[in-house]
Amino acid sequence: MSRRRQSNSLASLEQRLAQLNEERQTLITRIQDAVRQLTEGAGSNGAARSARRVAARSAGPVKRHFSAAARAKLRASAKARWAAAKKAGRTRLG
């Protein structure tokens, strides 16, 4: 490759890099503006929202219970699995 061609391609690459940096700065500015607009109005509701989160965490985990019907279904399916395993001569399900 000749020196002239190489310098032209280098100059065009530098120019393109400068354009991309300008676009990048523009996008960063637009994103920062959008984030600022979204967070400006959240100040009044943000305190109440965080207070609810703290209260929910301090209450502890919610313990859930199976209904009697769900327990019966689980028991029946477990019995069926064990019966099939026993019939196949296995002593473990895994």
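Things worth noting here:
- When Arg4 is tested against (1) modelled with pLDDT under 80; (2) surrounded by 10 or more Cβ atoms within 10 Å (Cβ to Cβ), only condition (2) is not met.
- So Gln37, is it modelled with pLDDT under 95 and either surrounded by fewer than 10 Cβ atoms within 10 Å (Cβ to Cβ) or assigned to a loop (DSSP other than H, G, I, E, B) (or both): yes
- For beta carbons closer than 7 Å, sequence separation of 6+ or different chains, a first residue in segment 77-94 that is of a type in the set (D, E, K, R) and a second that is part of a loop (DSSP other than H, G, I, E, B), the qualifying pairs are Arg81/Leu93.
The values are calculated or read from the model by the stated rules, or taken from the named source; none is laboratory data. Just so it is clear, the model here is predicted, and its values are computed rather than measured. With ideal geometry, Cβ positions are generated from the backbone for all residues, glycine too; neighbour counts draw on all protein chains shown.
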